[in-house]
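Reviewing the structure listed below.
The values are calculated or read from the model by the stated rules, or taken from the named source; none is laboratory data. All of these numbers come straight from a predicted model, not from anything done at the bench. Positions of Cβ are generated from backbone atoms using ideal geometry, with glycine treated the same way; all protein chains shown enter the neighbour counts. What goes into the accessible areas is simple: the full protein's heavy atoms, side chains included, and nothing from ligands, DNA or RNA. Shrake-Rupley method; radii C 1.70, N 1.55, O 1.52, S 1.80 Å.
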Amino acid sequence: MRYGLRLLEGLLVTVQLVAISFVLGVLLAIPIALARLSQNPILRGVSYAYVYFFRGTPLLAQLFLIYYGAGQFRSAFEAAGLWQFFRDAYFCSVLAFSLNTAAYEAEIFRGAIRAVPRGQWEAARSLGLHWWPTWRRVVLPQAAIVALRPMGNDLILLIKASAVASIVTVFDLMGETRRAFSRSYDLSIYLYAAILYLMLVEIIRRVWNLMEQRLTRHLRRETKPSPTEAAGLVSVVD
Amino acid sequence: MTEYLQLLSYGPTGWGDEMLKGAGITLALALATLPLGLVLGFALALARRSASRTLRGLAEAFSTIFRALPELLTLFLVFFGGQLLLQAILRLFTDTSIQANGFVAGMIALGLVFAAYASEVFTAAFGAIPVGQWEGASALGLRRSHTMRLIIAPQLLRLALPGLANLWLVLLKDTSLVSAVALNDLLRMTSVAVGTTKQPFFFYLVACLLYLVMAVVSSFAINAIERWSERSERQRGAASPVEGRALA
């Protein structure tokens, strides 16, 4: 396997690219989701247009728009000292993926926040909680349960979609695979890459299952007798 | 402003006609992929319900693999793999070499991906049809093929439609990947226009807007089909059983 090491290096780039973009995207999605839920019609309109644009157009077109499109404003970017950033395919990919993912996550957050019943806010208020503890202790834990699974799906979609970075010369797993194939004409390289992608997705799936188990631990029925019962300290009424 | 309109004009000086032609190919590819993906997806869903364990396992594996692989990788596998395969077959007869067709490769690759997702949608829809519907049909003495066609299929369509509509919108966007294997779709034609005019931001923005237009028009069509498929539900005065379309 002459190209094995290359593929693993590419895998590392893919993981890095996706991890950075996903974290940035999630951070960016929070204000967008809040704007979508706000009372202000301008904020609502702008955030709606943002989400609609990024979800309705292909990621590859968005990537081209940023990476090649930046060239049209080269002098302006140079004046602002940003050209170093927009010249680099890797940074442009991170930007495109973050903006794209933010649109998807914002919709998930919006749905998850709205899924928490009004009564929860009202009850927290009547207990005299300020907005931050209400948010942190009451709303967020419940919204997180709703949001977790679709977020995992989106992360997997982002891993798959990140392969388009190879089209703008980023040597991620797909990029290394294409380079190796163009030199060797050995189709099995694509199969090895496929296995690596499958493994990556499977790992995410398992991690997400574990996270879901942790977040919903209070909702699960105890199937085994609890330690106190097992020790015979409490009699089980039947 | 007029300068930009000039760039988009129809004819030899502008790029409007080229880009619309590209959009036509994008649409044609998506429309050609749809029946392939639907039929294969439905067959996979049937296989997943079959009594044979091998068949179930195979359909399950197909769906898992093609949902996990990047669409771009599937496309390259089909494009280059198909080329090598056809060449090997052709070499048995002649010496001529062939070039794989981007449209056909794109159709097959996107069809495989569509089918993998569609089989999930169909499986979920099958699960939502009460067993009583099968039993009732059987009690009336309907044959299996009649049960499927007259009792199950109409309900299945209604239940699967929101999920399939979502997949169509995804498919429309995924066609852009085929520009990477030399198909003159919307994105590729835009790149050609950019190469000549040196106006990348403007042209890619126009391309994005064209994709948006296709998505918006699709949504209208989807809504019409959905209303049609739910016509019997509304007459009974019941709320739509398929609230929202939360299938990602």
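For segment B:184-194, how many residues are open to solvent by 30 Å² or more (accessible area, probe 1.4 Å) and at the interface with chain A (Cβ under 10 Å from one of its Cβ atoms)? The qualifying residues number 1. Filtering segment A:48-70 to residues that are in contact with a helix residue (DSSP H, G or I) (Cβ under 7 Å, 6 or more places away or on another chain), within 21 Å of B:MET214 (Cα to Cα) and more than 8 Å from chain B (Cβ to nearest Cβ) leaves A:TYR48, A:TYR50, A:VAL51, A:PHE54, A:ARG55, A:LEU63. If the condition is being surrounded by 14 or more Cβ atoms within 10 Å (Cβ to Cβ) and not aromatic (Phe, Trp, Tyr), then segment A:171-185 contributes A:ASP172, A:LEU173, A:MET174, A:GLY175, A:GLU176, A:THR177, A:ARG178, A:ARG179, A:ALA180. Of all residues in segment A:184-213, those being touching a Gly at 6+ places or on another chain (Cβ under 6 Å) and more than 24 Å from A:ALA147 (Cα to Cα) number 1. At least 2 residues being under 23 Å from B:VAL192 (Cα atoms) and of a type in the set (Phe, Trp, Tyr) is the threshold, and among the helices (runs of 4 or more DSSP H) wholly inside segment B:2-77 not one reaches it. What is the number of the single condition among (1) under 30 Å from B:ARG49 (Cβ atoms); (2) exposed (fewer than 15 other Cβ atoms within 10 Å of the Cβ); (3) not aliphatic (A, V, I, L, M) that B:PHE66 does not meet? B:PHE66 satisfies all of (1) under 30 Å from B:ARG49 (Cβ atoms); (2) exposed (fewer than 15 other Cβ atoms within 10 Å of the Cβ); (3) not aliphatic (A, V, I, L, M) except (2). Exactly one residue out of B:ALA116, B:ALA105, B:ALA124, B:ALA182 is touching a Lys or Arg at 6+ places or on another chain (Cβ under 6 Å) and among the small types (Gly, Ala, Ser): that is B:ALA116. When the criteria are applied in full, B:ALA23 fails the requirement of being among the aliphatic types (A, V, I, L, M), out of contact with any strand residue (DSSP E or B) (no Cβ under 9 Å at 6 or more places or on another chain) and surrounded by fewer than 15 Cβ atoms within 10 Å (Cβ to Cβ).
Taken over segment A:136-155, the criterion of being out of contact with any Leu (no Cβ under 9 Å at 6 or more places or on another chain) and open to solvent by less than 60 Å² (accessible area, probe 1.4 Å) is satisfied by A:VAL139, A:ALA143, A:ALA147, A:PRO150, A:MET151, A:GLY152, A:ASP154, A:LEU155. For segment B:151-183, the tally of residues that are open to solvent by less than 20 Å² (accessible area, probe 1.4 Å), among the small types (Gly, Ala, Ser) and within 30 Å of B:PRO130 (Cα to Cα) stands at 3. Would you please name the residue that is farthest from B:ALA28 (Cα to Cα), looking only at residues in segment B:195-207 that are facing another protein chain (nearest Cβ under 8 Å) and open to solvent by less than 20 Å² (accessible area, probe 1.4 Å)? Per the stated criteria, the residue is B:PRO200. Counting only helices (runs of 4 or more DSSP H) that sit completely within segment A:16-132, those holding 3 or more residues that are open to solvent by 30 Å² or more (accessible area, probe 1.4 Å) and either under 30 Å from B:THR190 (Cα atoms) or in contact with a Ser or Thr (Cβ under 8 Å, 6 or more places away or on another chain) (or both) correspond to A:41-56, A:74-80, A:83-87, A:89-115.
In segment B:21-39, the residues that are in contact (Cβ under 8 Å) with a residue 40 or more places away in the chain reach residues that are among the aromatic types (Phe, Trp, Tyr) with C-beta atoms within less than 7 angstrom, at least six apart or across chains, in these pairs: B:LEU29/B:PHE103; B:THR33/B:PHE114; B:LEU34/B:TRP168; B:GLY37/B:PHE114. Take B:GLU135 and decide whether it is within 13 Å of chain A (Cβ to nearest Cβ), out of contact with any Phe, Trp or Tyr (no Cβ under 7 Å at 6 or more places or on another chain) and either open to solvent by 50 Å² or more (accessible area, probe 1.4 Å) or outside any helix (DSSP H, G or I) (or both). The answer is no for B:GLU135.
Of the residues making up segment A:181-207, those that are in contact with a Leu (Cβ under 7 Å, 6 or more places away or on another chain) and more than 7 Å from chain B (Cβ to nearest Cβ) are A:TYR192, A:LEU196, A:ILE204.
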